[in-house]
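Asker: Before I ask anything, let me first share the structure, which is written out below as structure tokens.
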Amino acid sequence: MPEYETRVGMECHAELLTESKMFCGCRNEFGGEPNSRTCPVCLGLPGSLPVMNKKAVEHVVRTALALNCTISLHSIFHRKNYFYPDLPKGYQISQYGNTPIGTNGWLEIERADGTTKRIRITRVHLEEDTGKLIHSDGAGYSVVDYNRSGVPLMEIVTDFPPDIESAEEARLYAETLRSVLLYLQVSDGKMEQGSLRAEPNPSVRPVGSDTFGVKTELKNLNSFRSVQRGIEYEAKRQIEVIEGGGRVVQETRGWDDDKGVSFSQRSKEVEQEYRYFPEPDLIPLDFDVKWLDSLRESLPELPNEKKRRLAEQYGLPASDAAQLVLERETADFFEAAAKGAKDPKAIANWMLGDLARLANAESVPVHATQVTPGALAGMVGLIESGAITGKIAKSVLEEMVATGKTAAQVVEEKGLTVSGADEVAGIVANVVAANPDVVAKIKAGNDKSIGFLVGQVMKESKGRAKPDDVNRLLKDEIAKQ
Amino acid sequence: MDLHTLTAHELAEKIKSRDVSARAVTDAFLARIEAVDGDVKAFVTVTADRARETADAVDRRLAAGEEVGPLAGVPVALKDNLCTEGVETTCGSKILRGFVPPYNATVVDKLLGAGAVSLGKANMDEFAMGSSTENSALFTTRNPWDLSRVPGGSSGGSAAAVAAGEAPLALGSDTGGSIRQPAAFCGLVGVKPTYGRVSRYGLVAFASSLDQIGPFARNTRDAALLLSVIAGHDPCDSTSVPRPVPDYRAGLNGDVRGLRLGVPSQYFAEGIAPNVQAAVLQAVELLESLGAKVETVSLPYTEYVLPAYYILAPAEASSNLARYDGVRYGHRTTGARDHIGLFEKTRDEGFGAEVKQRIMIGTYALSHGYYDAFYLKAQQARTLIQRDFAACWQSGIDALVTPTAPSVAFGVGEKADDPLAMKLSDICTLSANMAGIPALSQCCGFSEDGLPIGLQLMGPAFSEETLLRIAHAYELATDWHTRRAPL
Ligand SMILES: [Zn+2]
């Protein structure tokens, strides 16, 4: 069997964060009573006309700029004609052909081994979302909810031939893209709600082949994990089809995350006839160069830049920096906590370790627990000053997450300050007196047995004794025997 | 006094001076509809109760000494492709039977804001596709000048209503001549404004880049008044132009001296009836005698107007009419097994033959592999047609004078089986839509058998004032516009 390689094209759709829908005044929100946010325009009633949402255009331009695209100074809209019950006008207003808002950009991804790669992007364009068809199982009819109809949607498509060469790279691309969208505040990036949709087009071919394999399009991937799993499954399936003497069918395949399998949804063998033509109800977008410059200048620091800066400025390992910048608020939290801290790396460790675990248990992002950046910095400060041990800090942090109190408050209330040397000396004396056999072993040269005595002292002090103190005092006490 | 014979201006003045009540005027027109519409069949829906309520409200305002709009108490008929909140809007199609819009077209709101009283909805060719109202799925409207003839189309109901004295004013829509040709057939003034002059919001779309709403009236002043009320930028229509609206009556000074009128040779060619040619050329002579300068001009791309139009208009229509699928409103078939079946059966039952034919032509023209040869080519032709006109205006021509239609009104059924002959009746009017320029039709004489003949004026974008001034000057020197249909 020849060795195969995978190539993945990616089409991503992001619903844009705007007050109103793309062509009407209805609110742009998720969910709600079916058809409660509709009007003649987004229901496509006879006589209604679209009016462009300027904020949606701005969001797409900013995204295209952040993705290093060329911006079309003159951009037009098209009608994509097809019949479906969730498409109230019988066409979707989209951008087709050579003048989408953004073309020829790229996004850099960083692999687990720290190497980076540019994924080329062919187009970034603006279109409208459709309604949602709700099937009543077995009742013989379907109903339609048009709340989503006309929600502004941005489409981001990677270039051909695809630069993405593995399922992992595809996941990294989707994750990095989501970060960029979150930094720009153009999308909430919620894959589970479908406001960010990734549709990979994987294909396989024998290594060395100069043509690309037939691709399939994967849908219903509602997490980054399912993006990776779906592509892995699909690549394996395609190889099996080819090795079995069959041919891969060009089609849309759904992903069943529970069963971990893809299934055929719709053939794409016959090219769909969308009869695109310029939308006569909208006037073209003509961008002012000065406006574009001002948008470019006002772009925030983007994840990749921030990652490099955090690593350098705070001396963080690249992998920690990469974790911290996934969401802008996380990075902001880190910087707020690390400002003036002696050991920023310790802050990052606590954030990515215990705090992340505790936040996860509450199903909130690491920056959204009751712990403020200042409180986390304060806790790390107490460790650095020797006021509490790292072990105590773990339970202090737990309490902080639960109550929103500062580390100092928790330590004060629970009496968790490190025991004084006198108190420890007393415990040490007691432990030594109570374990003459162990002391004898140590005196006979069995140094390892001291660990048992250390443990006993820590137990007696309820963890408040500093291990260094305990070791020194034990040695002194044993020497006295 | 027969109130229904008065002009809109006369009615507005009488109402404002409380010489007669708005209610009495509305009742008079409702009575006239009652008396003649059984023969004319101009109206699809008569909203008598609403009309009386609106008229009463005008009377109350006047009694209270409040300000009223320029059309206070003046009745108007609306083409049935203008959305009216709470009133069925059929577009002359079975597929929209029972569709009651939840909103008013912008022009309807503007009319109501000006105090006008809507009498109801006027018949039309289905989805404005046709030149005779014979394509209406409901019934055929008759020409008030001769009930055996068509009133023209597609705004035939609107034109017939005004010509029959069932309304002093009406609104129509014009995609390729649908206001001007029925105005010509019915002896009225009809204006197709510059594309973007009047909001299309609430006009059920036929061909979005060609459609415009415009007025019908029995004289120029009335048409100017109605145009002043409906024109203007609308934030709900991106293609409407933000440009101030003049009072179009202000320029009606009867003076055409020094204006340069072009007579395009291509519009006086084969296929134009001799009596029409003669009447139009006589009108040109009259205008010349009034001080206008007349010269022959050439619009060399005229021969491409019809073929290009019959690609672009159906292409846009095929997309605009995709929404009639039985899912949300209007006709829905019964017994479909799946959504494809629902679409196919609903559309098969709901659309008439002409509409189906145009949807098929348009679908074909937009299809992959044909787009370049048809749609794109037609767009290129459209650009050349626009340049023809631009060259005219550049050379100093203020307006062009042509026939509106190649003949007077033809008989009901005469061209119904000959789609090409039917489409040729739009040959003189299509170009203004293709170029996006304003055009106007007015009566310039009558045939031997007493049927009106139409003259068309076309001018540069936003030259409505000039066109109305020329038409008004012509009206002052003639009395064609004072003749009434023998009903
Ligand atoms: Zn809406």
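The values are calculated or read from the model by the stated rules, or taken from the named source; none is laboratory data. Keep in mind that this is a model prediction, so the values were computed, not measured. With ideal geometry, Cβ positions are generated from the backbone for all residues, glycine too; neighbour counts draw on all protein chains shown. Please note that ligands, DNA and RNA were not included when accessible areas were found on the heavy atoms of the full protein model with its side chains. Shrake-Rupley method; radii C 1.70, N 1.55, O 1.52, S 1.80 Å.
Asker: Which whole number gives the average count of other chain Cβ atoms within 10 Å of the Cβ atoms across peptide B:313-326?
Answerer: Averaged over the peptide's residues, the number is 5.
Asker: Now for a different question. Return one whole number: the accessible area per residue of region A:107-146 in Å², for a 1.4 Å probe.
Answerer: Ligands and nucleic acids excluded, the result is 49 Å² per residue.
Asker: Another question about this same structure. Accessible area drop of at least 40 Å² (1.4 Å probe, protein heavy atoms): which residues of region A:261-276 qualify, relative to the chain alone?
Answerer: For region A:261-276, once contacts with the other chains are taken into account, A:E273, A:R275 lose 40 Å² or more.
Asker: Let me check I've understood the local charge: for A:K54, count other residues with C-beta under 14 angstrom from its C-beta, Lys and Arg +1, Asp and Glu -1. What total comes out?
Answerer: Spelling it out: positives minus negatives among the neighbours equals -1.
Asker: Which of the lysines could a cross-linker span from A:K290 if the Cα-Cα distance has to be under 25 Å and same-chain partners fewer than 8 positions apart are dropped?
Answerer: A:K54, A:K55
Asker: For the pairing of chain B with chain A, what total accessible surface becomes buried, with a 1.4 angstrom probe, in square angstrom to the nearest 100?
Answerer: 2800 Å²
Asker: Shifting gears a bit: Region B:338-370: which residues show an accessible-area loss of 40 Å² or more, assembly versus chain alone, 1.4 Å probe?
Answerer: Buried on complex formation: B:H339, B:F343, B:L366, B:H368.
Asker: Mind ranking B:427-440, A:265-278, B:290-303 by how tightly packed they are, going by the mean number of other C-beta atoms within 10 angstrom, highest first?
Answerer: Descending mean neighbour count gives B:427-440, B:290-303, A:265-278.
Asker: What number, in percent, do you get for the relative contact order of region B:1-83 if the mean sequence gap of Cα pairs under 8 Å and at least 6 apart is divided by its residue count?
Answerer: On the way: 63 pairs, mean separation 34.5, N = 83.
Normalised by residue count, the contact order of region B:1-83 is 42 percent.
Asker: Using a cut-off of 11 Å between beta-carbons, work out the net charge of the residues near A:K466 (Lys and Arg +1, Asp and Glu -1, A:K466 not included).
Answerer: +1
Asker: Can I ask one more? Cα-Cα over 23 Å: which of A:K414/A:K466; A:K132/B:K356; B:K121/B:K192; A:K190/A:K236; A:K268/B:K356; B:K79/B:K192?
Answerer: Listed pairs above 23 Å: A:K132/B:K356; A:K190/A:K236; A:K268/B:K356.
Asker: Quick one: with all protein chains in place, what share of the accessible area of region A:421-480 is carbon or sulfur, to the nearest percent (1.4 Å probe)?
Answerer: 52 percent
Asker: Let me know the mean shielding of A:51-59 by other chains, meaning the per-residue number of their Cβ atoms within 10 Å of its Cβ.
Answerer: What the average comes to for A:51-59 is 1.
Asker: Rounded to the nearest 500, what is the 222 nm mean residue ellipticity of the protein assembly as shown from helices alone, with -39500 (n - 2.57) per DSSP H run of 4+ residues and division by all residues?
Answerer: The helix-only estimate for the protein assembly as shown comes to -11500 deg cm²/dmol at 222 nm.
Asker: Please report the accessible area of A:E413 (heavy atoms, 1.4 Å probe, ligands and nucleic acids excluded) in Å², nearest 10.
Answerer: Near enough 120 Å² of accessible area.
Asker: Quantify how much of the Cα-Cα distance distribution of chain B extends past 42 Å, in percent.
Answerer: The calculated P(r) of chain B puts 11 percent of pairs beyond 42 Å.
Asker: Please list the non-local residues whose amide H lies under 5 Å from the amide H of A:W106, H modeled 1.01 Å from N, same-chain partners needing a gap of 5 or more.
Answerer: When sequence neighbours closer than 5 places are left aside, the close amide H contacts are A:N68, A:C69, A:I121.
Asker: Same structure, new question: If I compute solvent accessible area with a 1.4 Å probe over the protein chains, what percent of it on region A:303-414 is carbon and sulfur?
Answerer: Working: 2670 of 5250 Å².
Its accessible area is 51 percent carbon and sulfur atoms.
Asker: Then there is this: In Å², what does the accessible area per residue of region B:3-259 work out to with a 1.4 Å probe?
Answerer: With the other protein chains kept in place, region B:3-259 gives 27 Å² per residue.
Asker: Can you tell me the order of A:358-364, A:112-118, B:233-239 when each peptide is scored by its average per-residue count of other Cβ atoms within 10 angstrom, highest first?
Answerer: Packing proxy ranking, top to bottom: B:233-239, A:358-364, A:112-118.
Asker: With both bridge residues required to lie in chain B, what share of the DSSP beta bridges run antiparallel, to the nearest 5%? Before the final figure, lay out the partial values.
Answerer: Details: 29 of 44 bridges.
In chain B, DSSP labels about 65 percent of beta bridges as antiparallel.
Asker: Peptides B:160-170, A:43-53: what's the order by average Cβ count within 10 Å, highest mean first?
Answerer: B:160-170, A:43-53
Asker: When Lys and Arg each count +1 and Asp and Glu each count -1, what net charge do the other residues less than 14 Å away from B:A278, Cβ to Cβ, add up to?
Answerer: -2
Asker: Same structure, new question: To the nearest whole number, what is the average tally of beta carbon atoms from other chains within 10 Å of the beta carbons of peptide B:95-104?
Answerer: Average neighbour count from other chains, rounded to a whole number: 2.
Asker: Something else: If a/c stays under 1.5 just call it rounded; otherwise compare a/b with b/c (prolate if a/b is bigger, oblate if not). Do that for the protein assembly as shown, with a ≥ b ≥ c from the square roots of the Cα gyration tensor eigenvalues.
Answerer: Cα axes put the protein assembly as shown in the prolate bin.
Asker: To continue, here is another question. Once you keep just the Cα pairs under 8 angstrom separated by 6 or more residues, what percentage relative contact order results for region B:3-259?
Answerer: Relative contact order here is 17 percent.
Asker: Find the relative contact order for region A:421-480 and round it to a whole percent, using C-alpha pairs within less than 8 Å whose residues are 6+ positions apart.
Answerer: 46 percent
Asker: Counting only DSSP beta bridges with both residues in the protein assembly as shown, what percent are antiparallel, rounded to the nearest 5?
Answerer: Working: 82 of 100 bridges.
Counting only bridges with both partners in the protein assembly as shown, antiparallel ones make up about 80 percent.
Asker: Out of residues 5 or more away from B:K293 or on other chains, whose amide H comes under 5 Å of its own, with H placed 1.01 Å from N in the peptide plane?
Answerer: Under 5 Å from the amide H of B:K293 lie the amide H atoms of B:G258, B:L259, B:R260, B:L261, each far enough along the sequence or on another chain.
Asker: Take the solvent-accessible surface of the protein heavy atoms, probe 1.4 Å, and return the percent of it on region A:142-270 that carbon and sulfur atoms account for.
Answerer: 47 percent
Asker: Ok, one more. Label region A:391-462 by shape, choosing from rounded, prolate and oblate, from the square roots a ≥ b ≥ c of the eigenvalues of the Cα gyration tensor; if a/c is under 1.5 it is rounded, and otherwise prolate applies when a/b is larger than b/c, oblate when it is not.
Answerer: Numbers: a/c = 4.49, a/b = 2.63, b/c = 1.71.
Cα axes put region A:391-462 in the prolate bin.
Asker: Additional query: Please work out the average accessible area per residue across region A:284-379, using the 1.4 Å probe convention, and give it in Å².
Answerer: 50 Å²
Asker: Taking θ = phi - 60°, what integer Hz values does the Karplus form 6.51 cos²θ - 1.76 cosθ + 1.60 yield along region B:77-94, in sequence order, with x for Gly and Pro?
Answerer: These are the phi-based 3J(HN,Hα) values: 9, 10, 4, 7, 10, 9, 5, 10, 4, x, 10, 3, 10, 9, 6, x, 10, 5 Hz.
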